[in-house]
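Laboratory data are not the source of any read-out in this text; all were calculated from the coordinates shown. The shown structure was predicted, so the numbers you read here are calculated from the model rather than taken from an experiment. Methodologically, a virtual Cβ is constructed for each residue, glycine included, from the backbone with ideal geometry; neighbour enumeration extends over all protein chains shown.
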Amino acid sequence: MSLSLAQKQAVVAEVTESLASANTMVLAEYRGLTVSELTGMRAQAREAGVFVKVVKNTLAKRAIEGSPFECLSEHFRGPVVMAASEDPVAAAKLVAKFAKELEELKITVGGMNGNVMSEGEIQDLAKLPSREELLATLVGTLQAPIAKFVQTLNEVPSRFVRTLAAVEEQKQAA
């Protein structure tokens, strides 16, 4: 069933708005996927903060005009699902995970900062830790010297107390 002009404009506006804050976009061919498999992917995408949409290719091309993802316009051929996220790694992780589980889903191309990424580059990007994991590692790294310093400062009085306790035991034994 064909969409009316107003519906098409609404779809283009929705996709354009969602892509405005995105840093990464991954395109994958979904030929052969069932509705339930695609729905499962969308559910996990919502949890991960990834925008996943199946849109007519002509509407998708209009939506990415003027955006950093305009370099992907020639890759909208056949049944394509778009996954975009603000976190540069999230969309790649999600699509790569589902491509590994479902052989019908094939990563075709991706885009970041106006550059086209191949399937191999997307797989490499998916292996990187997410932003939250990197921040946790940074906090742990920054916290380690302080924790070690506090431990060292605490060791001096502890050793003194243990020495006094040992002297007291020696005197009681003698």
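Counting only complete DSSP H runs, which helices of the chain cover 24 Å or more along their long axis at the Cα atoms and score a mean Kyte-Doolittle of -0.5 or above? Present the calculation step by step, with values, prior to reporting the outcome.
Working: long enough: 131-173 (60 Å, 0.03).
Those that pass (Cα extent of 24 Å or more, hydropathy at least -0.5) are 131-173.
Pick from V156, V35, V50: which is most flexible by mean-square fluctuation in a GNM of the chain where alpha carbon atoms under 10 Å apart are linked?
Ranking V156, V35, V50 by mean-square fluctuation puts V156 first.
Rounded to the nearest 500, what is the 222 nm mean residue ellipticity of the chain from helices alone, with -39500 (n - 2.57) per DSSP H run of 4+ residues and division by all residues?
-19500 deg cm²/dmol
Considering amide H positions built from the backbone, and no H for Pro or chain starts, which residues 5 or more places from E86, or on another chain, come under 5 Å of its amide H?
N23
If you filter segment 91-125 for GluC sites (Glu not before Pro), then keep DSSP loop positions with at most 16 other Cβ within 10 Å, what is left?
E103, E104
When the Cα centres of segment 125-174 and segment 30-69 are compared, how far apart do they sit, in Å?
48
If you work out log10 I(q)/I(0) by the Debye sum over Cα atoms at q = 0.09, 0.10, 0.18, 0.19 Å⁻¹ from the coordinates, which of (1) -0.26, -0.32, -1.07, -1.18; (2) -0.47, -0.54, -1.26, -1.35; (3) -0.44, -0.49, -1.11, -1.21 do you get?
Structure-derived value, by its label: (3).
Using a Gaussian network model of the chain whose springs link C-alpha atoms within less than 10 Å, name the residue from A20, A43, A147 with the highest mean-square fluctuation.
Looking only at A20, A43, A147, the largest GNM fluctuation is found for A147.
Farthest toward the dipole's positive end in the chain, which of S2, V12, G66, given Cβ charges of +1 (Lys, Arg) and -1 (Asp, Glu) about the Cα centre?
Most positive-ward Cα: S2.
Picking from L153, L134, L142, which is most flexible by a Gaussian network model of the chain using Cα springs under 10 Å?
L153
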